[in-house]
1. Please find, in a Gaussian network model of chain A (springs between Cα atoms separated by less than 10 Å), the residue of A:Glu150, A:Glu37, A:Glu291 whose mean-square fluctuation is greatest.
2. Projected onto the charge dipole of the range B:191-347 (+1 at Lys/Arg Cβ, -1 at Asp/Glu Cβ, origin at the Cα centre), which of B:Pro259, B:Pro229, B:Tyr286 gives the Cα projection farthest towards the positive end?
3. First select every other residue whose beta carbon is under 11 angstrom from the beta carbon of B:Lys108; then total the charges, Lys and Arg +1, Asp and Glu -1.
4. Work out the length of the dipole vector of chain B about its Cα centre, built from +1 on the beta-carbon of each Lys and Arg and -1 on the beta-carbon of each Asp and Glu, and round it to the nearest 20 debye.
5. Can you pull out the buried accessible area for chains A and B, both sides counted, probe 1.4 Å, rounded to the nearest 100 Å²?
6. In percent, how large is the relative contact order of the range B:3-187, given Cα pairs closer than 8 Å and 6 or more residues apart?
7. Give the Rg (one decimal place) followed by the Dmax (whole number) of the range A:191-347, computed from C-alpha coordinates and expressed in Å.
8. B:Arg99: accessible area at probe 1.4 Å, nearest 10 Å²?
Number of protein chains: 2
Amino acid sequence: MAHVAIVGAGVMGTALAWPLSDNGHRISLVGTPLDREIIDEARSRHRHPKLGRELPPGVTAYHTEELAAAIEDADLIVSGVNSWGVDWIADALAESLKRGRDVIGVTKGFRSDDAGEIEIFPRVLAGQAPASIREHSNFMAVGGPCIAGELAGRRQSCVVFAAEEKEAAERVARLFRTGYYHIWPSADLWGLELAVALKNAYVLGVGMANGMLEAAGGADHAGAVMHNPAAATFAQALYEMEQILTALNGTPAHAHGLPGAGDQYVTAMGGRTLRLGTLIGRGYRYSQAREMMAGETLETVAIIESMSRVYPRLRKQGVLRDDELPLIETLIAAITRDEVVTLPWERYFASM
Amino acid sequence: MAHVAIVGAGVMGTALAWPLSDNGHRISLVGTPLDREIIDEARSRHRHPKLGRELPPGVTAYHTEELAAAIEDADLIVSGVNSWGVDWIADALAESLKRGRDVIGVTKGFRSDDAGEIEIFPRVLAGQAPASIREHSNFMAVGGPCIAGELAGRRQSCVVFAAEEKEAAERVARLFRTGYYHIWPSADLWGLELAVALKNAYVLGVGMANGMLEAAGGADHAGAVMHNPAAATFAQALYEMEQILTALNGTPAHAHGLPGAGDQYVTAMGGRTLRLGTLIGRGYRYSQAREMMAGETLETVAIIESMSRVYPRLRKQGVLRDDELPLIETLIAAITRDEVVTLPWERYFASM
């Protein structure tokens, strides 16, 4: 039996409590400063308001100021924050990391600096640990098609746990594996983080097909909707993702495995990214769509902004061919230049 | 301006009349013996009953007994039959093929003999032409995510036209290309036909996740459905398809391009294959599900039956690794041995 501390009480981090609990582990669920209401309800009613479920046995909830004590003897830390919480958690865990600790994160992927150099989130955390400790700690990530509410509902879910050494990923996977939570270990942490982030960017494009349908007034008199354009964009996304992974030395197969195609499929079934894409596909500028979705966290925007710096860098270095990535170009134009955009069919599959 | 004869007045063959008509071509739509009612309505009301639409300008409809005269001076023949109509159309076109003719088919893929040797449908047609003619004719195929009703509704659609020579595919593509119908030419006719058929087989697996949801009584109290299992199966399907394409010397990238992932996405949005999969996922045997869907054409069944002969042959030849294709094994067990099956999560992604 292990003690696992989940830091960040959003839906995805918290959902990991179910397989852990079913395996008999002890779980400390620690809120960020933004999670006060969630932790209050977890304490008073043993319930997670956003998941709409009673928490499983073995979960104890802590407010953010109790973090140090709550994670003191944890065998493993789960980072449950989103892209905007990465610096906060890196600071919050700094003391703990100095004593060595395995950390696995559910945050989607990476960010980039002004020069377009990529930093994947597990490395941001690792950066807080002294070099002497870093060798004994593992900074890992989860990727794959896993809607949090389904995992918490014990629906069959298949994911990848990646670390820089496959054995470390496998060791941690053993804490989580159940009859409904299936885990493949991978040594390509870098490629996994790229894929899980990129698929989130690309679903914006798939959503644009929905928006085109709305702009056209919905199904026509014979019932035709727009699955064809969504599907073509889905395939173009995989095509571009594979090229970006190749250019960045990630495993190209992630593009059409669980972290790429699988997660892209599930993300295209609904949610915020799809809704933002729908608004942009209807013809709204991002600045307008952003207002219509005020208050919602949109990780796809952070990823596309990062790609707006990474993409020119890769082209300058000559590792991406010209005109091969019209979809990401379109998404960058929509998000960072606030342009009205349409899907660039004619430029899809340039090298086919 | 060309004269194109579409033989077989089902929804997909007929839908190709829209881009042809928009490009100003003359179209002869010729029914099979099963298409009498469709042709009657096309003649009396210039309308296609199953598409629910008025036919576009330039289309003349003919009953099956008028075939020879209708296609006499056609520049191109479109084969619009399904898997069960391939022998019929090969016979029907035999005379015409003796005089040389380009033919492009929308039929999904291939069939196999008792020894598990594959025959793709364009070759079945080519087999009817004398060798001297065959060199001057091109036998081609269409693949990619294209719901017929959407193409007829002029929705944006992206497909691949494949021939044994890319130039031939490109030449024919020029007749069809419009602002909404985007066509990529390919020289891998063999691989395209494998992919378009296989994706149809695999959507049965994706449908099984729907059936599991129904068996569980639908969404649970917190609203969790089963997109996670569908998405994992979607990714496993691409993984298996890529291996089968590799083993059979087809372009592996078709598995995650338009003919594979793209078409699989659109097929998973609804339709007969998905419904059959849903019934099997609910726990029905194929024989029961078959009765519940009496009268419906199920091409996925023909493809899985073919694969039940191809798969053992490939394993015997050692070109497929053991245990790498649990999903197709499961589908074969369901369809050809009438077994009650569940999705084999534990065996997914064996070599990952």
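The values are calculated or read from the model by the stated rules, or taken from the named source; none is laboratory data. On a predicted model such as this, the values are computed, not experimentally measured, just so you know. Positions of Cβ are backbone-derived with ideal geometry, glycine not excepted, and every protein chain shown enters the neighbour counts. Just the protein is used for accessible areas: all its heavy atoms, side chains included, with ligands, DNA and RNA removed. Shrake-Rupley method; radii C 1.70, N 1.55, O 1.52, S 1.80 Å.
1. A:Glu291
2. The Cα lying farthest towards the positive end belongs to B:Tyr286.
3. Every neighbour counted, the sum reads -1.
4. 500
5. By this definition, chains A and B bury close to 4400 Å².
6. Relative contact order comes out at 21 percent.
7. 14.9, 50
8. Estimated to the nearest 10 Å², B:Arg99 gives 120 Å².
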